[in-house]
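The values are calculated or read from the model by the stated rules, or taken from the named source; none is laboratory data. Just so you know, these numbers come straight off a predicted model, no measurement behind them. For neighbour counting, all protein chains shown are included, and Cβ atoms are generated from backbone atoms with ideal geometry for every residue, glycine included. Heavy atoms of the whole protein, side chains included, go into the accessibility calculation; ligands, DNA and RNA do not. Shrake-Rupley method; radii C 1.70, N 1.55, O 1.52, S 1.80 Å.
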Amino acid sequence: MKFLKEFKEFAVKGNMMDMAIGIIIGASFNKVIDVLVKKVFLPPLSLMTDGLNFHNKRYILRDAITNTEGVITTQEVAVYYGELFEVMLDFLIVGLTVFIVVKAMNQLRDKSQDVKNKTVKTPKDIELLSKLADLIEEQNTLLKGSKK
């Protein structure tokens, strides 16, 4: 029973829900990036390289062997470097997109944490900490003045 209670506390916390939402959005985002690379970026690149299809590019280590009836007896062994190129392009696009999103979020966070910036609402905890810091500074100034 204790295990179920602990799991319930874990599952109900915000982190679990945030993680689930992130995984769902990430899976959808992966599909978007896959289409973006395969259907948007690679066709013009293929056109510029005289119809080169990167997905099928491979280095054959051993050809497939067929018998007299045409049945494959030994499979082809190949290194598919074209697929590696596509996956690396996927990775670069995802990395660039995540970088841009994180950079934008950091700028918004920095604006919201600046107490002097009145264009964005400052969170209450940051506002209270700022007031507390101002009061401590004022108190230190008063104490220094009374010691002289």
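K116 passes all but one of (1) open to solvent by 100 Å² or more (accessible area, probe 1.4 Å); (2) at pLDDT below 80; (3) of a type outside the set (S, T, N, Q); (4) part of a helix (DSSP H, G or I); which number fails?
(4)
Identify the residue in segment 126-148 that is among the small types (G, A, S) and closer than 18 Å to D114 by Cα and, among all such residues, is most open to solvent (accessible area, probe 1.4 Å).
Taking the candidates together, the pick is A133.
Tell me, which strands (runs of 3 or more DSSP E) wholly within segment 1-102 include 3 or more residues that are open to solvent by less than 100 Å² (accessible area, probe 1.4 Å) and of a type in the set (V, I, T)?
Strands (runs of 3 or more DSSP E) meeting the threshold: 72-74.
How many residues does segment 119-135 hold that are assigned to a helix (DSSP H, G or I) and β-branched (V, I, T)?
Final tally of qualifying residues: 1.
Check L108 against each of (1) farther than 30 Å from D125 by Cβ; (2) under 19 Å from the mean Cα position of the chain (by Cα); (3) touching a residue at least 12 places away in the same chain (Cβ under 8 Å) and name the one condition it does not meet.
Failing condition for L108: (1).
Looking at I136, I100, can you tell me which residue is closer than 30 Å to D34 by Cβ, modelled with pLDDT of 75 or more and β-branched (V, I, T)?
I100
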